[in-house]
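Here is the structure we will look at.
The values are calculated or read from the model by the stated rules, or taken from the named source; none is laboratory data. All values derive from a computational prediction rather than experimental measurement. Cβ placement follows ideal geometry from the backbone for every residue including glycine, while neighbour counts extend to all protein chains displayed. The protein model used for the area step is the full one, side chains on, heavy atoms only, and it has no ligands, DNA or RNA in it. Shrake-Rupley method; radii C 1.70, N 1.55, O 1.52, S 1.80 Å.
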Amino acid sequence: MCADFLSVDPAATHPTVRAVLLDPSCSGSGTATADVDAALARILTALGGAPPAPRGDRVARLAAFQLTALRHALSFPGAVRVAYSTCSVHEEENESVVAAALASPEAAAGGWRLATALPAWPTRGVTGALDADGAAAVVRAAPETDETDGFFVAVFEREN
């Protein structure tokens with residue numbers, strides 16, 4: 001099916017989907033290209049071009065979209081697992097989105113909870129938006145600690 005994910009009616013068109021992998025648009029702050037983007041912004045500004053949008057505004061808009069998409073993924077009636085991933089290192093796009101999704105009506109109605117993502121991965125999430133148990137369930141990788149690009153993974157499972 002070729003369609004906008006947010007326009008899909010999960011109950012009407014996909015009632016038997018058992019798993020959803022959601023990898024929404026993100027800031028890309030964990031990728032090597034993030035350094036290139038920062039350098040390009042400096043060059044554009046130095047040449048008198050328009051500076052890029054402030055990080056906070058862009059990340060906030062992305063996080064709002066990510067939460068909308070995640071809540072939609074949690075509304076698939078037959079799903080038993082939903083994986084959420086980004087290539088961002090920003091808490092606003094990761095732990096904060098997961099915490100807001102867990103507090104959503106879709107999570108409550110569906111009986112969703114966090115499962116431990118990639119149990120053998122050594123680096124876990126940060127506390128703040130998530131409590132210690134939530135932070136221990138998610139994966140947060142960073143170039144300076146994990147010898148990889150930065151990324152984030154959370155896995156939701158139905159409790160019943």
- request: Take the residues in the range 5-28 that are of a type outside the set (Lys, Arg), more than 15 Å from Val97 (Cα to Cα) and part of a loop (DSSP other than H, G, I, E, B), then tell me which one is nearest to the chain's Cα centre (by Cα).
  value: Gly28
message: Can you list residue pairs whose Cβ atoms sit under 7 Å apart, with the first residue in the range 59-76 being open to solvent by 10 Å² or more (accessible area, probe 1.4 Å) and the second being modelled with pLDDT of 95 or more and acidic (Asp, Glu)? Count only pairs 6 or more apart in sequence or on different chains.
response: Ala60/Glu92; Leu62/Glu93; Ala63/Glu92; Ala63/Glu93; Arg71/Glu106; Ser75/Glu106
- prompt: Only one residue in Leu114, Leu102 is closer than 18 Å to Ala19 by Cα and either modelled with pLDDT under 95 or open to solvent by less than 40 Å² (accessible area, probe 1.4 Å) (or both), so which one is that?
  reply: Leu114
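Residues Glu106, Glu93: which one is in contact with a helix residue (DSSP H, G or I) (Cβ under 9 Å, 6 or more places away or on another chain) and in contact (Cβ under 8 Å) with a residue 60 or more places away in the chain? Please lay out each step first, then the result.
Details: Glu106 fails: in contact (Cβ under 8 Å) with a residue 60 or more places away in the chain.
After applying the criteria, what remains is Glu93.
What number of residues within the range 138-150 satisfy the criterion of being closer than 15 Å to Glu91 by Cβ and either assigned to a helix (DSSP H, G or I) or touching a helix residue (DSSP H, G or I) at 6+ places or on another chain (Cβ under 9 Å) (or both)?
3
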message: Here is a list: Val153, Val97. Which entry is assigned to a helix (DSSP H, G or I), open to solvent by less than 80 Å² (accessible area, probe 1.4 Å) and among the hydrophobic types (A, V, I, L, M, F, W, C)?
response: Val97
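Yes or no: Thr86 hydroxyl-bearing (Ser, Thr, Tyr) and more than 16 Å from Asp23 (Cα to Cα)?
Taking the combined requirement at face value, the residue does not satisfy it.
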task: Please state which of the following conditions Glu159 fails to meet, knowing it meets all the rest: (1) open to solvent by less than 20 Å² (accessible area, probe 1.4 Å); (2) at pLDDT below 95; (3) closer than 20 Å to Arg18 by Cα.
output: (1)
From the options Ala108, Ala46, Ala129, residue that is at pLDDT below 95 and farther than 18 Å from Leu22 by Cα: Ala46
- prompt: Would you call Arg113 part of a helix (DSSP H, G or I) and touching a residue at least 12 places away in the same chain (Cβ under 8 Å)?
  reply: no
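Quick one: count up the residues across the range 134-145 that are touching a residue at least 12 places away in the same chain (Cβ under 8 Å) and either open to solvent by 60 Å² or more (accessible area, probe 1.4 Å) or in contact with a Pro (Cβ under 7 Å, 6 or more places away or on another chain) (or both).
Just the residues of the range 134-145 that are touching a residue at least 12 places away in the same chain (Cβ under 8 Å), to begin with: 134-143, 145.
Those still in the list that are either open to solvent by 60 Å² or more (accessible area, probe 1.4 Å) or in contact with a Pro (Cβ under 7 Å, 6 or more places away or on another chain) (or both) too: 143, 145.
Residues flagged as touching a residue at least 12 places away in the same chain (Cβ under 8 Å) and either open to solvent by 60 Å² or more (accessible area, probe 1.4 Å) or in contact with a Pro (Cβ under 7 Å, 6 or more places away or on another chain) (or both) within the range 134-145 amount to 2.
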